[in-house]
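Here's the structure, in structure tokens; my notes come after.
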């Protein structure tokens, strides 16, 4: 039997020689909560709670989850029927049946927003097991909070963001049909909440899904149509408006590149660059999560690198990479990791296998859960292995196993 959340908390706590009382004090939660979790009287907890416990123990939040969520996040064989069932029930409840609504008073919108922020942080830290374990509870809590909310528009916008985050995670886990359900719900909620910026970010998630399905024309049209609808006036636009518009243009450019129209893609990237320049160092605002907050000049340059990689111009990829500023060393975003894969591909294409492996090992060290789900990485590693002339090192063998490449 897989260890439970409570089993893992107890095991790590004892390894740290910390009492329940000390852990509760460090995490800022009650001893009763710790005790109930460790006795398995509570089999789940809010993301804010588990994140606080993980920080107090000095471990990643994902390390607290030993159930099927970890298998899904790792992409292990035959994980989906069990590990995604709870999320599927929460995302697509059967009409007329209890949708798993929490007992007692429904949560407030502020509580839902705080839980969303914690789950979003786990997702962007590549802690997919933690995010996957927390999302079913968050989806149910969001519905319960919306039912009794006085501020209906805010409730709808929160619902859009929760479903957008759910869709993004499901895309990473390659559960694409379920991701479509989540993103469709996000778009519907954003429209009901009359928030075009949140709707635009949800549409960017939908475009990403369409790209994964090879529906390049539809992805580009959806992105361009939405961008036209929200096109900001540069002289007075807020950073969040510019960022949402810029992200859509980058999504459209990615689709155009894959549709063998690099000139059109280049024009859209240039337009997105203008939006990034207008934003400058201004922040989109703490109230905007997910896609909006990550847009800027660096993201535009990463898209230029991707365009060169799609065009199979390895020399251009490395030339552009020379101009890129160093990336973050912790909590690296999936966008930056995708850029690093382009760099690894370019080195591989030019026969620079040692350099390519150095890049791949760096991604593995920072974001193994993310790397495991990248077929692009699998292709690169298989190319390197095919050119190998000596026995595979242990580190190379571990990388090969991680990405599921053939030996």
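Restricting attention to the range 71-79, does a residue exist that is over 21 Å from residue 170 (Cα atoms) and either modelled with pLDDT of 90 or more or surrounded by fewer than 20 Cβ atoms within 10 Å (Cβ to Cβ) (or both)?
no
If you check residue 181 against the conditions, is it surrounded by 20 or more Cβ atoms within 10 Å (Cβ to Cβ) and over 24 Å from residue 151 (Cα atoms)?
No, not satisfied.
Taking the condition part of a helix (DSSP H, G or I) and more than 23 Å from residue 59 (Cα to Cα), does residue 113 pass?
Criteria met by residue 113.
What pairs come up if the first residue lies in the range 393-405 and is assigned to a loop (DSSP other than H, G, I, E, B), the second is buried (at least 18 other Cβ atoms within 10 Å of the Cβ), and their beta carbons are under 6 Å apart, counting only those six or more places apart or on different chains?
These pairs meet every condition: 404/378; 405/378; 405/381.
State yes or no: is residue 46 modelled with pLDDT of 75 or more, surrounded by fewer than 21 Cβ atoms within 10 Å (Cβ to Cβ), under 20 Å from the mean Cα position of the chain (by Cα) and not assigned by TED's automatic domain parsing to the domain that holds residue 169?
Details: modelled with pLDDT of 75 or more: yes; surrounded by fewer than 21 Cβ atoms within 10 Å (Cβ to Cβ): yes; under 20 Å from the mean Cα position of the chain (by Cα): yes; not assigned by TED's automatic domain parsing to the domain that holds residue 169: yes.
Yes: the conditions hold for residue 46.
Residues that are at pLDDT below 90, at negative phi and not in a helix (DSSP H, G or I): does the range 368-377 have at least one?
Looking for residues that are at pLDDT below 90, at negative phi and not in a helix (DSSP H, G or I), one finds at least one in the range 368-377, hence yes.
From the list 152, 117, which one is over 19 Å from the mean Cα position of the chain (by Cα), surrounded by fewer than 20 Cβ atoms within 10 Å (Cβ to Cβ), in the same structural domain as residue 185 (by TED's automatic domain parsing) and modelled with pLDDT of 80 or more?
Just one listed residue meets the conditions, 152.
What tally of residues in the range 1-32 results from selecting those that are surrounded by fewer than 17 Cβ atoms within 10 Å (Cβ to Cβ), under 24 Å from residue 107 (Cβ atoms) and within 29 Å of the chain's Cα centre (by Cα)?
1
What tally of residues in the range 312-325 results from selecting those that are part of a loop (DSSP other than H, G, I, E, B) and in contact (Cβ under 8 Å) with a residue 12 or more places away in the chain?
4
Grab the helices (runs of 4 or more DSSP H) fully contained in the range 153-248, keeping just those with 2 or more residues being in contact (Cβ under 8 Å) with a residue 60 or more places away in the chain.
Of the helices (runs of 4 or more DSSP H) lying wholly inside the range 153-248, those with at least 2 residues that are in contact (Cβ under 8 Å) with a residue 60 or more places away in the chain span 176-192, 196-212.
Residue 309: in a helix (DSSP H, G or I) and at pLDDT 95 or above, yes or no?
no
Kindly indicate the residue of the range 339-354 that is assigned to a helix (DSSP H, G or I) and more than 27 Å from the chain's Cα centre (by Cα) and also nearest to residue 319 (Cα to Cα) among those meeting that condition.
So the residue we want is 349.
Taking residue 352 and the conditions (1) modelled with pLDDT under 90; (2) surrounded by 15 or more Cβ atoms within 10 Å (Cβ to Cβ); (3) closer than 25 Å to residue 401 by Cβ, which numbered condition does it fall short on, given that it satisfies the others?
All conditions are met except number (1).
The values are calculated or read from the model by the stated rules, or taken from the named source; none is laboratory data. All of these numbers come straight from a predicted model, not from anything done at the bench. Methodologically, a virtual Cβ is constructed for each residue, glycine included, from the backbone with ideal geometry; neighbour enumeration extends over all protein chains shown.
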